[in-house]
Each structure stands twice: as C-alpha cells, then as structure tokens.
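Read the structure below first, then the notes.
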Amino acid sequence: MPSIVITGATSFIGRQLCLSFLQRGWHVFAVHRRNTQLLPDGVIPIQLDLHEYGKLAELVPECDAAMLLAWPGTRGKQRDDEFLQNDAFLSNLACVKALIATGCKTIALAGSQAEYGIQTAAVPINEDDPLQPITAYGRAKKNLFEYASALCKEGEVRLLESRFFSVYGPGDYEGTLVISVLKKMLQNLPCELTECKQMWDFLYVEDASEMVAKLIVSDALAGAYNIGSGRPQTLRQYVEEMGVVAGSNSKLLFGSIPYQDAIVPNIYPDTSKLTDAIGKPSIRPFKEGVLSTISWLLRRGKASNYL
C-alpha cells in the first residue's frame with residue numbers, strides 16, 4: 001500500500017488532502033503540531049513542530065510521496081516579516097532533505113500566486129511567467145521552490161509545486177473575502193468593498209485537494225502547476241452571486257474601499273498545464289460551494305445574529 005507524508009495536516013487544505021488519500025487507500029502520515037485535535041480518522045499521526053521537520057527521516061521509515069503544507073505567516077502583516085518567512089523557508093528545506101533521505105519518490109510543495117507578484121493586466125497567469133514576488137512570503141516560497149528543485153534533481157526525486165490562487169470553503173480563515181462578506185450578508189449588514197473589477201478565480205477546497213492528489217499520483221513532469229478553477233470572472237460577479245445564494249438584503253458598497261496604491265490586481269491562473277497533466281477536473285459550481293460554506297457558518301454559529 002503506498003504512503004504519503006502530509007505536513008500541516010490539520011490546515012484548511014491539509015485535512016481535505018488527508019481525506020483524498022485515505023479514500024485512495026493510501027497510508028497517510030499526518031504531521032501536525034502538538035495538542036491538535038482536528039486530525040481525520042485513519043491517519044497515522046506524527047507530532048512535530050515546524051523546527052523539528054528534520055527528524056522526519058527518523059520517524060517515517062519510507063514513503064512514496066509527500067505534500068508540504070505547513071507554513072506560518074500567510075496572512076496580514078506577517079507576510080512581510082522577513083525573519084518569520086525565512087524561518088519557514090529553512091524549516092521546509094530541512095523537511096525536503098529529510099524526505100529525500102527516506103527515499104521519497106515525489107515531493108510536492110504548496111506554492112502561491114504570491115510568487116508571481118502583482119499582475120495588473122487582465123490576462124491569465126502562466127507558469128512560465130517570471131516570478132517577481134513583492135512580499136517576504138512570496139520570496140520565501142519562490143526560494144523554497146528553487147532550492148528544493150536543485151536538491152530533488154540531485155537526489156533523483158520528482159518535485160512538484162501546486163501554486164494555489166484563491167481557495168475557499170468550510171474551515172477557511174475568518175478574514176478572507178468569502179467568509180467575511182458572507183457573515184455580513186447573512187445578517188443583512190452593509191458590505192464595504194473595492195470596485196471589485198479585477199478578474200479572479202475561486203476554487204472550492206475539496207476540488208483543490210483532489211487536483212493536488214491527482215497531480216501527485218499522476219506521471220506529470222517535475223515543475224510548478226497552477227491550481228485554480230479555470231472559470232475566472234470579475235470579483236464583483238462573485239460577490240453578487242454570493243448575495244443571491246445567501247438571499248441577502250445587504251447593500252453592496254462597491255468602491256467604498258480604495259485599491260491600495262490605486263493598483264487593480266488581477267489574480268487568475270492559466271490552468272491548461274494542470275489539465276494536460278491530470279485531465280479535465282470536476283469543478284463544483286461557485287453557488288454550490290457558497291451554499292456549503294453558508295451551512296458551515298451557520299452550524300458553527302459564526303453568523304449567530306442571523307440565527
């Protein structure tokens with residue numbers, strides 16, 4: 001039976017990825033921080049903090065694949081914390097070295113659209129586009145991909161990087177646009193927004209994890225792969241659809257928040273390389289993903305004023 005190591009196993013995407021591989025009949029070594037209670041049933045738990053990832057070679061006798069999802073400082077001001085981001089880079093690089101030592105055949109990194117920097121033209125971002133990150137987070141992700149690529153090439157290990165764009169769904173971070181706006185919509189509160197004229201691409205979390213799983217088990221060549229729905233539209237269209245699905249009477253105050261430095265960022269990927277590698281994926285319609293997210297919000301009491 002094949003096995004996979006997943007770091008950040010209790011994260012938003014990590015938990016879903018554990019389930020994807022369990023359903024495939026794989027042994028799943030779920031690496032998580034101490035005192036975490038959110039692991040799916042059926043995984044093999046490994047308690048390690050980020051700085052201890054170099055010990056993986058001692059704890060995992062061998063594995064066929066690995067997905068590195070653990071990364072601190074992905075939100076807000078921490079994205080520009082050079083010390084924090086460099087520390088994450090070094091810890092994940094130590095993890096790559098340890099996995100190579102186990103004889104791991106495929107290592108996948110969790111990349112980010114932040115590696116590309118800001119795209120102002122309304123054109124899809126391609127994996128061959130230059131990497132021009134403007135945040136410490138984006139630079140650290142770029143550095144890990146480049147350093148890990150060299151190590152894996154030397155060790156004859158296939159290195160993949162899943163470059164995530166805008167993943168949403170149950171369990172998402174409170175401050176994301178989807179979660180924060182839905183919570184207001186469920187209470188019919190006004191929603192302050194930018195003009196939302198930028199092109200965007202939202203992808204439901206279960207679809208994202210399934211894409212990554214298919215990529216890992218495929219015979220795709222080493223390299224980076226954009227992870228997105230391939231169904232871009234303006235952010236305004238997404239927001240308006242959320243309002244319809246939520247049955248909300250919220251006023252949508254488009255333009256009440258100015259764009260930072262008057263820059264309109266377009267963040268949507270060209271996913272043709274991924275489709276060539278894994279075939280045409282099944283994508284949940286946005287309205288269905290929003291309904292699932294609303295159900296989760298209501299179950300958790302996160303929209304208690306609405307209830």
Leading residue at positive end of dipole, segment 174-280 (Cβ point charges), from Ser272, Ala220, Gln233: Gln233
Charge-dipole axis of the chain as Lys and Arg at +1 and Asp and Glu at -1 on Cβ define it, positive-most pick from Ile118, Ser292, Ala246: Ala246
Fraction of accessible area attributable to carbon and sulfur, segment 167-244 (%, probe 1.4 Å): 50 percent
Cut-off under 5 Å, modelled amide H: who pairs with Ala224 long-range: Glu161
Neighbourhood net charge (13 Å Cβ-Cβ; Lys/Arg +1, Asp/Glu -1) for Cys152: 0
Euclidean distance between Cα centres, segment 243-295 to segment 4-61, Å: 29 Å
Segment 9-118, accessible surface, carbon-and-sulfur percent (1.4 angstrom probe): 50 percent
Size of electric dipole in the chain: Cβ of Lys, Arg +1 and of Asp, Glu -1, about Cα centre, debye, nearest 20: 800 debye
Hz values of 3J(HN,Hα) by residue in segment 76-88 - Karplus curve (6.51, -1.76, 1.60), Gly and Pro given as x: x, 5, 5, 5, 10, 7, 4, 5, 4, 5, 5, 5, 5
Rounded if a/c under 1.5, otherwise prolate or oblate - segment 167-307, Cα gyration tensor axes: oblate
Dipole magnitude (debye, nearest 20) for segment 142-185, charges at Cβ of Lys, Arg, Asp, Glu: 220 debye
Set of lysines with alpha-carbon distance to Lys105 below 30 Å, sequence-local pairs under 8 removed: Lys55, Lys97, Lys141, Lys142, Lys153, Lys214, Lys273, Lys280
Using θ = phi - 60° and Karplus 6.51 cos²θ - 1.76 cosθ + 1.60, couplings along segment 220-237 (whole Hz; Gly, Pro as x): 4, 5, 4, x, 8, 9, 5, 10, x, 7, x, 10, x, 8, 5, 4, 4, 4
Accessible solvent surface per residue of segment 170-307, calculated while the other protein chains remain in place, 1.4 angstrom probe, Å²: 48 Å²
Karplus 3J(HN,Hα) series, Hz, for segment 264-270 with 6.51 cos²θ - 1.76 cosθ + 1.60 (x for Gly, Pro): 9, x, 9, 10, 8, x, 7
Candidate aspartates and glutamates for bridging to Lys184, where Cα separation is under 20 Å - those fewer than 8 sequence places away on the same chain excluded: Asp172, Glu174, Glu192, Glu195, Glu240, Glu241, Glu288
For Ser112, distant residues with modelled amide H under 5 Å away: Phe164
Charge dipole magnitude, Cβ of K and R +1, D and E -1 - segment 1-93, Cα centre, debye nearest 20: 320 debye
Environment charge of Leu203, counting only residues whose C-beta is closer than 13 Å and scoring Lys/Arg +1, Asp/Glu -1: -3
In nm, spacing of pseudo-spin labels at Ser256 and Ala122 (7 Å Cα→C-beta vector): 2.5 nm
Over the chain: helical MRE at 222 nm, DSSP H runs n ≥ 4 each giving -39500 (n - 2.57), nearest 500: -11500 deg cm²/dmol
Long-range amide H partners of Thr194 with built H, under 5 Å: Gly255, Ile257
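The values are calculated or read from the model by the stated rules, or taken from the named source; none is laboratory data. Keep in mind the model is a prediction, meaning the values are calculated, not measured. FYI the Cβ positions are ideal-geometry reconstructions off the backbone, even for glycines, and counts take in every protein chain you see. For the accessible areas, the whole protein counts, side chains as well, though only heavy atoms, and no ligand, DNA or RNA atoms are used. Shrake-Rupley method; radii C 1.70, N 1.55, O 1.52, S 1.80 Å.
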